[in-house]
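Notes follow the structure.
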Amino acid sequence: LRSPLLPLAGRQTSPTSAPRQLLSTLLARDAMAPKYVGSIDQGTSSTRFMLFDRDGRVVAREQREHKQIYPRAGWVEHDPMEIWENVRALITAAMRGVAPEDVAGIGITNQRETTIVWDRKTGKPLHNAIVWNCTRTDSIAERIAEAGGGRDKLRKKTGLPIVPYFSATKLVWLFENVPGLRIAAEKGDALFGTIDTWLIWNLTCGDSHITDVSNGCRTLLMNIHTLEWDAELLEIFNVPRAMLPTIVPSGARLALCDSHAAPELANVPISGILGDQQAATFGQVCFSPGMAKSTYGTGAFIMMNTGERAVPSKNGLLTTVGWQLGHSAKPVYCLEGGVAYAGAFVQWVRDNLKLIHDASETEAIARSVEDNGGVYFVPAFAGLFAPYWRSDARGTMCGLTAFNTSAHVVRAVLEAAAYQVKDVLDAMASDSGVVLHALRCDGGMTVNSFLMQFQADVLDANVSVPTISETTSVGAAYVAGLAVGFWPDLDSLTRHWSKANEWTPHMSPPQRIELCRRWKMAVERTLGWHSVERAPASSTERALKLGAIAMAIAASAFALGRATGRLL
């Protein structure tokens, strides 16, 4: 595969010719009735390229892992060039027998927050990508937060706390550690982007330096209400505007793939961009306020559609832009929260307690007893996260009697995953006032029918899993296809979405109330086990810090699941 970076300087399209080229190409392509939509799904551990037909069925799928670089304990990097070359190889493999004119458009979904800087003229990275879960910027986040207002001082504009998780602190680190970067950035010679921006820059041979609202809102530099880079935020982090990409909608005709970069996609429109969690939510067709999805892996990742209203959270959840479908469309917002221990709790029971040999055994074991026998197990191994936010909590098993067996304990472990997801969803409902309609689920734990039924019972809402498990890829394809008219509207996407299975609540209200009451009692028993220094920060500030940790753990689980094709 030949790198498209070498001819960059000689291939810049003039400002006047680019719109004419885009228009003429799109008019010609529209007359050919393309058969497919493509999706680049760039995750933390691997990258996927998929093709979907008009019925939303998968017609091609290729996947490749990339190297994880750990310069120091807690530091995580990726090689941007390796990721780009992987994308090109996957496109080549998946497009065998498919002509560029057969593809109506492509969507891109990506690991969010991961930060790249590169040279505008050569296209070469100036440092490895700093990955979203890298901890090297912890002191930077602390320093900026302590400068005034605390960790939540930017929440009104960004919906986010000041923590290392988000891109701005990573940029600060790069400025402080890459010689000459600031000067180059101020001149516009050094560019910044998250993974979506980097891939589009390369796919267009440098013609397009853009990001969408769902990725821009994860940088701590974008105002989620104006959908623009914010002057005050840029000043706080001392980031030159000249290095930033243009913020665009999630779905629109945004750019064209260049034939030198990816011949198999020559002149194919890039028409969709979404961060991975937003893409998963869109892929689960959670289009109405109150609809939510939960990904069950090592942890659990929950996102709820709150409509056109950016809901501030009082429970340490994240307020984020979901998507914007067109230049003149209003954005859709979401609340986001994470559970640290779901599948990891099952793994702990397997590896540490030796109660099971394999996670697949848990469903039959849980069903072997009539109920949990009064046993409740709260996995507060590193404290309690949303919505409790108590770092002094520790894991606790309550209600044991001589009657109980290992089966009751295993059942309590599965039930704990459902209770924790319910706690986050209850916090979302409290923040938003939006009633949960139904929960769309994905991830490896959804194969456990006992867990899914119990989740439906404690939520008193239907729980379903989709036929196509790669919901991030599906979401990117849906946004891209919608933008180019491959699919006419959201209703058509809803019709394409299909359930592999669905569980409806069967539990009586008195039983549900009693079980949840006892879970709350068990949660109370976890408190005060670990002495922690009470910081002078507000309780909200502590919640945000713990929230960032919870989100990172859950997101790690999500990323690992996407790489391996399954989740614990």
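The values are calculated or read from the model by the stated rules, or taken from the named source; none is laboratory data. Here the structure is a predicted model, which is why all the values come from computation and not from measurement. Don't worry about glycine lacking a Cβ; one is built from the backbone with ideal geometry, like all the others, and counts go over all protein chains shown. When the accessible area is computed, the model is the full protein with side chains, heavy atoms only, and any ligands, DNA or RNA have been set aside. Shrake-Rupley method; radii C 1.70, N 1.55, O 1.52, S 1.80 Å.
Side notes on the structure shown:
- For V87, the test of being crowded, with 18+ Cβ neighbours inside 10 Å and over 30 Å from K35 (Cβ atoms) is failed.
- Residues that are assigned to a loop (DSSP other than H, G, I, E, B) and either of a type in the set (K, R) or in contact (Cβ under 8 Å) with a residue 60 or more places away in the chain (or both), drawn from segment 398-420: G399
- Test: residue in segment 162-174 that is within 15 Å of N238 (Cα to Cα) and free of Cβ contacts under 8 Å to residues at least 12 places away in the same chain: no
- From the options A537, A500, residue that is part of a loop (DSSP other than H, G, I, E, B) and at pLDDT below 95: A537
- Whichever residue in segment 44-55 is farther than 13 Å from G107 by Cβ and touching a strand residue (DSSP E or B) at 6+ places or on another chain (Cβ under 9 Å) and, among such residues, is most open to solvent (accessible area, probe 1.4 Å): R54
- Every residue from segment 269-302 that is in a strand (DSSP E or B), hydrophobic (A, V, I, L, M, F, W, C) and at pLDDT 95 or above: I270, I273, L274
- Selection count, segment 476-497, where residues are assigned to a loop (DSSP other than H, G, I, E, B) and either open to solvent by 50 Å² or more (accessible area, probe 1.4 Å) or within 24 Å of S464 (Cα to Cα) (or both): 5
- Options L451, L436; residue that is open to solvent by less than 20 Å² (accessible area, probe 1.4 Å) and touching a strand residue (DSSP E or B) at 6+ places or on another chain (Cβ under 9 Å): L451
- Which listed residue, of T226, T211, is modelled with pLDDT of 95 or more and in a loop (DSSP other than H, G, I, E, B): T226
- Qualifying residue in segment 271-280 (condition: open to solvent by 30 Å² or more (accessible area, probe 1.4 Å) and in contact with a strand residue (DSSP E or B) (Cβ under 9 Å, 6 or more places away or on another chain)): no
- Single unsatisfied condition, P510 versus (1) loosely packed, with under 12 Cβ neighbours inside 10 Å; (2) modelled with pLDDT under 95: (2)
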